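Here's the structure, in structure tokens; my notes come after.
The values are calculated or read from the model by the stated rules, or taken from the named source; none is laboratory data. Just so it is clear, the model here is predicted, and its values are computed rather than measured. Positions of Cβ are backbone-derived with ideal geometry, glycine not excepted, and every protein chain shown enters the neighbour counts. Only protein heavy atoms, including side chains, enter the accessible area calculation; ligands, DNA and RNA are left aside. Shrake-Rupley method; radii C 1.70, N 1.55, O 1.52, S 1.80 Å.
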Amino acid sequence: MTYSVEHWIDGGPTPGGGPPNPVVDPATGAQVGTVATADAAVVDQAVRGAAEAQRPWAATSLARRTEVMFRMRELVVQHTDELARVISREHGKTIADAVGEVGRGRETLDFVCGISAASKGEFTADASTGVDVHSLRQPLGVVAGITPFNFPAMVPFWMHPVAIATGNAFVLKPSERDPSASNLVARLYQQAGLPDGVFQVVHGGAEAVDALLTHAGVAAVSFVGSTPVARHVHRTATEHGKRVQALGGANNHAVVLPDADVEHAAKQLTAAAFGSAGERCMAVPVAVAVGPVAEPLVAALKARASALVVGPGDTAGTDMGPLITAGARQRVIDHVTAAVGAGADAVVDGRELVVAGHEQGYFVGPTVLDHVTTDMSAYCDEVFGPLLAVVRVETFDDALALVNASPFGNGAAIFTSSGAAARRFAHEVTAGMVGVNVPIPVPVAYYSFGGWKDSLFGDHHAHGPEAVRFYTRAKVVTTRWPGSAEAAASLSFPSTTG
Ligand code: NAD
């Protein structure tokens, strides 16, 4: 029995656009549903509806907006298991991992429950004689979010709670691979009391994205996905006069120094490399082993990676699910094969793994490659699969230079017991998010999330205080009331010392 996912426009499921796309369970390779594909007309309908709804929403008191966000937070808590099951079915990640994703996404709702404090302006009395000045931030209007398959709930949650709490309407274009979570979130917003039209969902692929990037009614675009598409989104949307933040791909390195706790590092790196089958923008696909730590580290990684249980995400006891598509599975296998052919040592090799009863699923087992060199595609490309490449270097300086030579700069981590080494790494590494004995340093929602270099195009990071600035624009009001203290009238350019 299959299902169909339609757009969510003006408060309910809405058909329209081109022929629907299949939705596939990656654990079986079988089609489980279809998803609508928006064209320019559907996008226009969603943006117009959002613009209608945005004006009264922006005029709604902060107290009322906060109340809606509080209710939404409670509804997301109540529906966490339902969301997690929907995510696991279409993405393949384990239920426990999906529950974690929903929890990290919900943190942004926690943050916006304090939006009245987070969006406060400033006031200066008597800036000049009888003159007061205050600043405020106002919503942009209709803003769009375009999101990737790997976090179908959390990444959109980085965007829409802040955009909506600050008085905007939000049009979401989620990944076509796992679309159902977005419609469930739309239903929860409706139950929370959000007026219809303030949160819209249009489904589809590049055609829907390009229609949003070029639509005159869209004021800003938040994008998260791969670097080539992030570049396209940034260029096209800025050319069309929009504010843009486009978060791209990653190839995060973790440096392990000889003074690190090797067991702790191996445990953390195993989770960071193989959690969600490596399909996380904050996964750690590269371990940089410095000097003599390489031998014990590789041995500990081998033991831990070999013990992981691979299977369908909704089955108890599974540590790691399938890749998202057959193509993604083949890409990982090809990178491993090329690296082994070029001299890398497959310490753990997941290429031949078959999960009994799920022979058509897109599974690859955890794979650890030792003696990887920087000219191998398994090192240079964003593999986005269950592959941990160990690169051996001699010194801390070599390791830092290697990390900083990467074109990506999302996250970076160091494992050490030296405060001085950790401090130097945190200051000198060219990445936006740094972990010290923490492999996946995804910031909590009241800080902001973002990378450097080819991992982010635009000025603002996602969620937290940077998102409040991204989704609002500044205004400064200078006031003088007749009858209050007043300097003598003059035709000269007004001076504040008058
Ligand atoms: P993707 O770039 O293929 O797709 C992202 C979104 O763009 C989807 O909604 C998709 O429909 C749309 N899209 C795809 N091709 C397009 C095109 N040619 N023109 C216009 N729109 C297009 O990414 P994905 O495979 O869904 O997700 C994985 C990627 O996302 C990885 O590179 C990962 O590192 C990255 N990612 C980055 C972050 C971060 O915070 N930097 C977070 C999560 C994922």
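Computed from Cα atoms alone, the Kirkwood hydrodynamic radius reported for the chain is 24.0 Å.
Shape call for segment 158-201 from the C-alpha gyration tensor, a ≥ b ≥ c root eigenvalues: rounded (a/c under 1.5), prolate (a/b greater than b/c) or oblate? Oblate. Listed by chain and number, the aspartates and glutamates whose C-alpha is less than 18 Å from the C-alpha of Lys302, apart from same-chain residues fewer than 8 away, are Asp261, Glu263, Asp319, Asp345, Asp349, Glu352, Asp370. The label-point distance for Tyr3 and His134, in a model that sets each label 7 Å from Cα toward Cβ, rounds to 4.7 nm.
From Cα pairs below 8 angstrom and at least 6 apart in sequence, can you work out the relative contact order of the chain, rounded to a whole percent?
In percent, rounded to a whole number, it is 18.
Rolling a 1.4 Å probe across the protein heavy atoms gives segment 253-436 an accessible surface of 37 Å² per residue. Ranked by the mean number of other Cβ atoms within 10 Å of their residues, highest first, the peptides 462-468, 55-61, 176-182, 477-483 come out as 176-182, 462-468, 55-61, 477-483.
Projected label points at Ala307 and Thr479, each 7 Å from Cα along the beta carbon direction, are separated by 6.5 nanometres. Each residue of segment 253-436 gets 106 Å³ once the volume of the Cα convex hull is shared out per residue. Take Asp375: with every protein chain present and a 1.4 Å probe, its accessible area is about 120 Å². Charge tally for Pro312 (other residues, Cβ to Cβ under 10 Å; Lys, Arg +1; Asp, Glu -1): -1. Full extension of the chain between Glu239 and Ser116 yields a length gain of 41.0 nm, computed as 0.36 nm times the residue separation minus the alpha carbon distance. When both segment 451-498 and segment 353-423 are represented by their alpha-carbon centers, they are found 44 Å apart.
Taking Lys and Arg as +1 and Asp and Glu as -1, the other residues whose beta-carbon sits under 13 Å from that of Thr325 total -2.
Here's the list of aspartates and glutamates a cross-link from Lys173 could span, going by alpha-carbon distance under 14 Å and ignoring same-chain residues fewer than 8 apart: Glu6, Asp39, Asp44, Glu207, Asp210.
For segment 253-436, the share of DSSP beta bridges that are antiparallel, to the nearest 5, is 10%. Counting only lysines at least 8 places from Lys475 when in the same chain, those with an alpha carbon closer than 17 Å to its own are Lys120. Against the chain, whose longest principal axis is taken from its Cα atoms, helix 95-112 shows a tilt of about 20°.
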